[in-house]
Amino acid sequence: MDLVAELESVLGSERVRAHPLDRRVFAKDAGVKTGPVAAIVFPETAEETASCVRIAAEAGIPVVPRGAGTGLAGGAVPVEPALLVVMTRMNRIFEVDEQGRTAWVGPGVINLELSKQLASTGLHFAPDPSSQQSCTIGGNVGTNAGGPHCLAEGTTVAHILAVELVTVDGEIVVVGAEYPDPIGLDLRAVIVGSEGTLGIVTRVLVKLTENPPAVGTLLLGFPTVDAAAATVSEIIASGLVPAALEMMDRPMVRAVENFVHAGYPTDAAAVLLAEVAGHPEGVRAEAEMIERIARSHGATSVRTAADDAERALLWKGRKSAFGAIAQSAPDYYLHDTVVPRTRLVEVLDAIYEIAARHGISLLNVFHAGDGNLHPLVSFDASRPGELDRVLAAADEMVRVSVEAGGTLSGEHGIGLEKRDLMGLVFSADDLDAQARLREAFDPTGRMNPGKVLPEGSRCFDRAAVSGGTGR
Amino acid sequence: MTALREVTRRLLERLRPDDVPEAIGDAPVVAPSTADEAAEVLRHAAEEGLTVGFVGAGTRLGLGGPLEPDLWVSSSRMARVVDHQPADLTLTVEPGVTLGEIEELLGAHRQSAILPEGRPEETIGGVVAAGASGFRRLRYGPTRDRVLEVVLATGYGEVVRAGAPLVKNVTGYDLSRLVVGSLGSLGFVARICLKLWPEPPVHATVPVTDPAAALAATYRPLAVLETREGGFVYLGGTEAQVGAQAAALGAGVRVGLAWPDRPTGPVPVELRVPARALPEAVRTVRRLLPEAPFVAEHGVGVVHLAGPADADEEFRTLRRWAERAGGVVVRLGGYDVLSASEFPPWGAPPPWAGLQRRVVAAFDPAGVLAPGKLPGGLR
Ligand SMILES: Cc1cc2nc3c(=O)[nH]c(=O)nc-3n(C[C@H](O)[C@H](O)[C@H](O)COP(=O)(O)OP(=O)(O)OC[C@H]3O[C@@H](n4cnc5c(N)ncnc54)[C@H](O)[C@@H]3O)c2cc1C
């Protein structure tokens, strides 16, 4: 039997696709790379997923797990003809334990949908990536996704208690537990963020977070980018961890204003969107403190959301940033470096300088509170030479971040896109240790190969490449 | 082989550091001063097939059962603070630094690493290897959520670094979190970077009669504990906030955090259950071990307790109850009064024991690190 017939015998014909058009649609995620797809399947249970993995093994092709395909690093893009296992049909919320504040959910549940479904319980799933209207919980687990509110709450890994995993051998195993500090090695912690290379997640036990009784949201305008960045550094240093602390520069603010009309100050060089959440008394004090620090750095405007509607509008401005760009430029290239929060001012200065030198148009919208930068270059790839200039500038931006003590990715992942930059932050021995871990899960190298680690990471094949330089 | 061990033993006697914890007795101990030295020791141990245990202050050695390795590696000569970035809320330390030293350093900056309370003598290396957390995990999450970077001397004798001293990072596999709670099975933790929290300006402790109800009624307390003395809610925040929250809970407010002592007694154990089962767990402990001191963490699902030496039957019943409730009972010590065969250190192995064995073999190919410590191990 051929591959498709074999898959259809398990899933039926409606849930197996191999038409050239389908193969093209699923050849890319939201990043810039494309890859070859052999067939696409939509399993609905862990057992079906395991069967697909075994059929792919018999056919000698790799498996690539995929959620909604909103990933930006090429994690769900195959490097050789592969079986794409799309988890979006596994979108049930199985059980919610309101008292214990946990829920078992399918990996295909949409991030925002989960919190919406929980609305009546007074609980929510804390990680809130800007893509939350479309990305899946399984994808969030795959990338250890972050979001504005991960500043105080931690990224996805802090909100995942256990996963059910289909291994490369087609075994189904639960990793992690409902009780605290599960005995044995914490393999859950490495499965989260493994970008589909350690197995396919078919069920997730998520931790739920209590909705705060009070929330304060401030939009602060600044005369210079440096003043905004310095405000961020001082807020963190002053002993306050806000619920969220996001920054946008003028080009970004203007793009967003044209798009959603949220009333952002378009004359400011940069704005900060700050949120404090918790007990009403604490919220009041913290909001005052943020306003005081902002004013001491010359804030030119301070707007406090008067009600939930205004708060939602201010957040809509932030969360539609990428949509706004997509509207104005044919292509965009986005980085995701992290730098120590004390170095924000100098790294931002350097990034603007790089953009100016290469003559490219740069916009900034990012998670300032945890030092997670998203320099975004909008361009038109159809113009000759433009992509090359963009990539050259992007490379320099990564390097200035790393030189300031930073790293390659804060939330989007390494995938295909940053794989070959891993040597900038890890030595050959560091990469070898990571490769050992991966090999323990997947000795055959068929689970989403070619992602995260550069070729030749395992020390016995290191001779083949130059290896990393370390830091 | 035995002759070689004898020679090694005699040579090691001479290298013995002065401050060897009592629990080790007179077994051979080496104390490397750098990660490279530790890796070298481990490389030799792997080559010679010598089994190795790791030790800090020696306060948590009972976790996973008693260990009698050929060689102990102590963190006592690696006890330096490497870097504190108060404005970035990170701290990098060597494994032998004690919790007391860390909290004293951070206290001066009104910051905290949220480490186990009331255990100043413990080392950070031991806390990380044991995966231990403090009571304030209800508010700030467990220790593993704050380990940003580790340097590890692996069982195959290389020094590797994982993670970065940054609060947000998805660059590569998160080996630093994997090390937390690994009980020495992957290697010697030679450096740790922790994420810090600012200390709230005001703290208070409020006695309550119904801790489960108090937990449900209070937004994000630091901890809600129950002991034989009663229930207590621990609050942190601005003066106005703590005042309002305390007033809503009742009378008898004490300023500051009055933590209970961890239960001591012949056989210390930890009962861990899903948070919703905690009230039932407390009732079960009261019924089975009516005299045993305990501290129960509401909203978390942990009961720390210490039972008498002759309570093996009750301990086994407690473990059966816990496993039915979706939890476990873990032993922390007391093997000299109640043997590991009468009441084993762990109950049923974790479902992922097969994967775990492969991961351990990748980091300890010779199978010499802390043999038998992890649950579900074959060695
Ligand atoms: C406009 C926009 C805004 C964004 N904003 C953010 C943001 O604020 N924060 C952030 O972190 N990210 C953001 N992203 C990136 C992306 O949305 C996240 O990485 C998200 O977690 C991906 O989810 P997904 O369901 O689309 O996964 P996919 O893109 O389909 O997959 C992502 C990775 O996870 C793996 N994977 C998916 N499902 C599974 C599974 N069930 N089991 C095992 N592995 C699996 C894949 O193999 C792949 O490596 C944004 C993207 C866009 C387009």
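The values are calculated or read from the model by the stated rules, or taken from the named source; none is laboratory data. Just so we're clear, the structure is a prediction, and the values are computed from it rather than from any experiment. Cβ: placed from backbone, ideal geometry, glycine included. Neighbour counts: every protein chain shown. For accessibility, only protein heavy atoms count, side chains too; no ligands or nucleic acids. Shrake-Rupley method; radii C 1.70, N 1.55, O 1.52, S 1.80 Å.
What the table shows:
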quantity: Residue among A:237, A:243, A:228 that alone is away from every other protein chain (no Cβ under 13 Å) and of a type outside the set (Phe, Trp, Tyr); calculated: A:228
quantity: Answer residue from segment A:15-26, given it is under 27 Å from the mean Cα position of the chain (by Cα) and surrounded by fewer than 17 Cβ atoms within 10 Å (Cβ to Cβ) and is nearest to the ligand (Cβ to nearest atom) among those; calculated: A:25
quantity: Considering residues of segment A:156-170 that are more than 8 Å from every other protein chain (Cβ to nearest Cβ) and more than 22 Å from the chain's Cα centre (by Cα) only, the residue surrounded by the fewest Cβ atoms within 10 Å (Cβ to Cβ); calculated: A:169
quantity: Which numbered condition residue A:360 misses (of (1) touching a Cys at 6+ places or on another chain (Cβ under 9 Å); (2) open to solvent by 10 Å² or more (accessible area, probe 1.4 Å); (3) not charged (D, E, K, R)); calculated: (1)
quantity: Residue satisfying all of: in segment A:303-321; in contact with a Leu (Cβ under 6 Å, 6 or more places away or on another chain) and open to solvent by 40 Å² or more (accessible area, probe 1.4 Å); nearest to residue A:128 (Cα to Cα) among these; calculated: A:304
quantity: Options A:415, A:405: the member that is part of a loop (DSSP other than H, G, I, E, B) and within 16 Å of the ligand (Cβ to nearest atom); calculated: A:415
quantity: Among (1) surrounded by fewer than 22 Cβ atoms within 10 Å (Cβ to Cβ); (2) over 27 Å from residue A:52 (Cα atoms), the one test that residue A:445 misses; calculated: (2)
quantity: Residues within segment A:29-69 that are modelled with pLDDT of 95 or more, near the ligand (Cβ under 10 Å from one of its atoms) and hydrophobic (A, V, I, L, M, F, W, C), tallied; calculated: 3
quantity: Matching residues, segment B:287-333, being assigned to a helix (DSSP H, G or I) and either open to solvent by less than 10 Å² (accessible area, probe 1.4 Å) or within 27 Å of residue B:141 (Cα to Cα) (or both); calculated: B:315, B:318, B:319, B:321, B:322, B:323, B:324
quantity: Within segment A:134-150, considering residues that are part of a helix (DSSP H, G or I) and more than 7 Å from the ligand (Cβ to nearest atom), the one farthest from residue A:247 (Cα to Cα); calculated: A:137
quantity: Residues located in segment B:139-148, provided they are within 10 Å of chain A (Cβ to nearest Cβ) and either open to solvent by 10 Å² or more (accessible area, probe 1.4 Å) or not in a strand (DSSP E or B) (or both); calculated: B:140, B:141, B:142, B:143, B:144, B:145, B:146
quantity: Members of segment A:171-211 that are among the aliphatic types (A, V, I, L, M) and at the interface with another protein chain (Cβ under 8 Å from one of its Cβ atoms); calculated: A:173, A:174, A:175, A:177, A:183, A:185, A:187, A:189, A:190, A:192
quantity: Scope segment A:108-133; condition part of a loop (DSSP other than H, G, I, E, B), within 14 Å of chain B (Cβ to nearest Cβ) and more than 8 Å from the ligand (Cβ to nearest atom); matching residues; calculated: A:122, A:126
quantity: Within segment B:238-274, considering residues that are in contact with a Ser or Thr (Cβ under 7 Å, 6 or more places away or on another chain) and surrounded by 16 or more Cβ atoms within 10 Å (Cβ to Cβ), the one farthest from residue B:329 (Cα to Cα); calculated: B:245
quantity: Wholly enclosed strands (runs of 3 or more DSSP E) of segment B:66-137 bearing at least 2 residues more than 14 Å from chain A (Cβ to nearest Cβ) and open to solvent by less than 10 Å² (accessible area, probe 1.4 Å); calculated: B:71-74
quantity: Selection within segment B:153-200 - more than 8 Å from chain A (Cβ to nearest Cβ), in a loop (DSSP other than H, G, I, E, B) and open to solvent by 10 Å² or more (accessible area, probe 1.4 Å); calculated: B:156, B:183, B:200
quantity: Every residue from segment A:272-302 that is open to solvent by 10 Å² or more (accessible area, probe 1.4 Å) and more than 15 Å from residue A:231 (Cβ to Cβ); calculated: A:277, A:279, A:280, A:281, A:283, A:284, A:285
quantity: Qualifying residue in segment A:374-390 (condition: within 14 Å of chain B (Cβ to nearest Cβ), at pLDDT below 95 and not in a strand (DSSP E or B)); calculated: yes
quantity: Among residues of segment B:350-379, those that are facing chain A (nearest Cβ under 7 Å), farther than 11 Å from residue A:440 by Cβ and either in contact with a His (Cβ under 6 Å, 6 or more places away or on another chain) or touching a residue at least 12 places away in the same chain (Cβ under 8 Å) (or both), counted; calculated: 5
quantity: Members of segment B:35-47 that are open to solvent by 40 Å² or more (accessible area, probe 1.4 Å) and either among the β-branched types (Val, Ile, Thr) or closer than 9 Å to residue B:366 by Cα (or both); calculated: B:47
quantity: Qualifying residues in segment A:70-107 (those that are within 30 Å of residue B:138 (Cβ to Cβ), assigned to a loop (DSSP other than H, G, I, E, B) and within 14 Å of chain B (Cβ to nearest Cβ)) - the one nearest to the ligand (Cβ to nearest atom); calculated: A:101
quantity: Residue A:122, sole failed condition from (1) surrounded by fewer than 22 Cβ atoms within 10 Å (Cβ to Cβ); (2) within 24 Å of residue B:139 (Cα to Cα); (3) under 14 Å from the mean Cα position of the chain (by Cα); calculated: (3)
quantity: Residues (open to solvent by 60 Å² or more (accessible area, probe 1.4 Å) and out of contact with any strand residue (DSSP E or B) (no Cβ under 6 Å at 6 or more places or on another chain)) located in segment A:327-341; calculated: A:327, A:328, A:330
quantity: Test: residue in segment A:211-224 that is open to solvent by 10 Å² or more (accessible area, probe 1.4 Å), in a helix (DSSP H, G or I) and more than 21 Å from residue A:150 (Cβ to Cβ); calculated: no
quantity: Condition broken by residue A:242, with the remaining ones in (1) under 19 Å from residue A:366 (Cβ atoms); (2) assigned to a helix (DSSP H, G or I); (3) not small (Gly, Ala, Ser) satisfied; calculated: (2)
quantity: Which listed residue is in a helix (DSSP H, G or I) and away from the ligand (no atom under 13 Å from the Cβ), from A:158, A:162; calculated: A:158
